[in-house]
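Contents: one structure, followed by commentary.
The values are calculated or read from the model by the stated rules, or taken from the named source; none is laboratory data. Model, not experiment: these values are computed from the prediction. Cβ placement follows ideal geometry from the backbone for every residue including glycine, while neighbour counts extend to all protein chains displayed.
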Amino acid sequence: MNNTKVKINKLLNETNCEHNQIKLQDNKKVSCKKPPQPGAAQGNCPFEGAMVALVPITDAAHLVHGPVACTRNPWGSRGSLSSGSKLHQIGFTTDLSENDVIFGGEQKLYQAILDIAQRYNPAAVFVYSTCVTALIGDDMDTICQAAAKKIGIPVIYINAPGFLGSKNLGNRIAGEALLEHVVGTAEPEMITPFDINIIGEYNVAGEIWNVLPLLKRLGIRVLSKITGDARYQEICYAHRAKLNVVICSNVSLGMAQKIKERYGIPYIEESFYGVENMNRCLRNIAATLGDFYLQERTEWLIAEETAALDIALAPYRSRLKGKRVVLYSGGVKSWSIILAARDLGMEVIATSDRKSTKEEKAKIKQLLGQDGIVLSKGSPSALLQVLENTKADMLIAGGSNQYTALKARIPFLDINHERHHAYAGYAGMLEMAQELYEALYSPVWKQVRKPAPWDEKN
Ligand code: SF4
């Protein structure tokens, strides 16, 4: 994928930017550009963004052309699980040395692709550029094309070096590459009136496995999972679905919009977290597919699932009721977990609106109410302050914030991509309730909140 300046500028266009007030004739807002800021690549660069979006394609090999240190950055940091091939878990790299920087790494890359094809027989090879290989000017596009010809397997060049901007941009470049090189390149054996794609769900901790059986029971077929637990071939079929269900809007909305323009497939933005969101998601899928009997089946399934869940959740609800939570996450989770917490009788008193679209920010404000606190930045000191001011009972956030919670001596639940528990769907709701209960009622809190022996009065 050759990224010209024009292409990158287009991907940087933030159609949902709230500061953008310029309107076109049809009253649509003109996109406003979001150029990279200093430090945008710190910790999570576009290369990492592209990898986390594509690595869940489990039967493909993911080869990093660059220094070995870049490979560590995204590899294994997101627990995207596979129900089949585990090839995606192998970290391939050309491991560039000083010599390669001086004389070029093209030959090494070519050999690496051939070697991977021979030893692992992948469905495709995704080749990622990094800062170093982009700066030394390796012609990766040509090498990938030549290697693809030689091995007879698609070799897709992902041009998202770290210096381009943020992780989010990398997610979009990955989506663009799928649109350009994968979607529409093969035809499914058959199509049904109830074929859908799920976009922006990465099967972290196996979450999609909580949702797929529900859709199957309704007679809905997931044609392409983009990209959680996906096989390369199924993404080729994405153009034949009747509906796209977008889960992570911030990174996937652009892709859904382009599929709509190109293939006329409508999309809806949904969440799998919490009972209310899950119910709404199933109802919206059934309504958009437009079949009366499907809608009827959906209502039966919702009634059955929610009744069973109410019984299972009852003991947890009574212990979690009234607990006050500070939530620090991003995108879809920053509003959908508010609803999930509400389902359990808990109250979210503060949340962040990072990486959220304009619509998601509006949802957050509405769900939090007047007294709710919206955190735009979440430095450890700012979070500690909020935890103290609000007298929160627990912090729900990403793994990097667990030490903030420990400092505040309050329980913590990991909600981001390093988590090991699946919280999506009805089964995920029960799992979340169990995890919240165990975190909140762990006997350790009694111990750590005790004054230190040397502080105790004699
Ligand atoms: S691609 Fe660049 S910013 Fe990203 S990990 Fe490698 S060196 Fe760092």
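Give G200, G170, G206, G219 a once-over and let me know the one that is in contact with a Leu (Cβ under 9 Å, 6 or more places away or on another chain), in the same structural domain as N284 (by TED's automatic domain parsing) and crowded, with 24+ Cβ neighbours inside 10 Å.
On the way: G170 fails: in the same structural domain as N284 (by TED's automatic domain parsing); G206 fails: crowded, with 24+ Cβ neighbours inside 10 Å; G219 fails: crowded, with 24+ Cβ neighbours inside 10 Å.
The unique qualifying residue is G200.
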Sole residue being of a type in the set (V, I, T) and assigned to a loop (DSSP other than H, G, I, E, B), chosen from I153, I102: I153
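In contact with a helix residue (DSSP H, G or I) (Cβ under 8 Å, 6 or more places away or on another chain), in contact (Cβ under 8 Å) with a residue 60 or more places away in the chain, assigned by TED's automatic domain parsing to the domain that holds H65 and more than 14 Å from the ligand (Cβ to nearest atom): which single residue out of A160, A147, A117, A123 fits that description?
Selected residue: A123, the only one of A160, A147, A117, A123 that is in contact with a helix residue (DSSP H, G or I) (Cβ under 8 Å, 6 or more places away or on another chain), in contact (Cβ under 8 Å) with a residue 60 or more places away in the chain, assigned by TED's automatic domain parsing to the domain that holds H65 and more than 14 Å from the ligand (Cβ to nearest atom).
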I'd like to verify a number: residues in region 163-216 that are within 16 Å of the ligand (Cβ to nearest atom), polar (S, T, N, Q) and not in a helix (DSSP H, G or I), how many? 1
Confirm whether F194 is in contact with a Gly (Cβ under 7 Å, 6 or more places away or on another chain) and surrounded by fewer than 21 Cβ atoms within 10 Å (Cβ to Cβ). yes
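I136: assigned by TED's automatic domain parsing to the domain that holds I90, at pLDDT 95 or above, within 14 Å of the ligand (Cβ to nearest atom) and β-branched (V, I, T), yes or no? Steps first, please.
On the way: assigned by TED's automatic domain parsing to the domain that holds I90: yes; at pLDDT 95 or above: yes; within 14 Å of the ligand (Cβ to nearest atom): yes; β-branched (V, I, T): yes.
The answer is yes for I136.
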How many residues does region 309-339 hold that are touching a residue at least 40 places away in the same chain (Cβ under 8 Å), aliphatic (A, V, I, L, M) and over 18 Å from A439 (Cα atoms)? 4
Of the residues that sit in region 365-402 and are acidic (D, E) and under 20 Å from W445 (Cα atoms), which one is surrounded by the fewest Cβ atoms within 10 Å (Cβ to Cβ)? E388
